[in-house]
Amino acid sequence: MSPPSSARSLASLTALVAGLTAACSSAPVVPPNATKTWPEMTGDERAAHMHEVVAPAMRTAFQAHDAQRFADFGCKTCHGPGEQDGTFAMPNPALPYLDASLVYRKHRKATPEITKFMWKTVEPRMGELMGLPHGDRGVHCFTCHVVKD
């Protein structure tokens, strides 16, 4: 005998709310092929995760977007001089500076293809690969790009 439809509906609604809450959470989660969250990882663990998981996935994404422009995709593509000096510091001043005022709207007009790619592909994928949310509480434009004065 199955539960009454109202009980099934309540159970479905509860499951939906729990799923949405988890999806919208700003707490870090353990990223793919890792055993710790990004903040819990040591520098060596982060470097290994970037090398083994993040870089190959992002290389694929960037080259799918523009194979010629990103033919030599590697650590330096995102980290610039931080790749050479071993700091890997972000945001990277070698990347284009972004205007923080209505950032998406302004940059979408000036450079629509790369802006859409960054916002719709790079940010969410980086968040997923690092176990961090996409948006203000995680991976966003100014994670990588310096704010233009």
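Just so you know, all these numbers are worked out from the coordinates, no wet-lab data involved. Source: prediction; values computed, not measured. Cβ atoms come from the backbone with ideal geometry, glycine included; neighbour counts cover every protein chain shown.
Just order 103-114, 28-39 by mean Cβ neighbour count inside 10 Å, highest at the front, would you? Show your work: numbers first, answer last.
Details: 103-114: 13.2, 28-39: 15.2.
My ranking of the peptides, most packed first, is 28-39, 103-114.
For segment 30-148, what is the largest minus smallest coordinate of the Cα atoms on each principal axis, given in angstrom and ordered from greatest to least?
40, 32, 26
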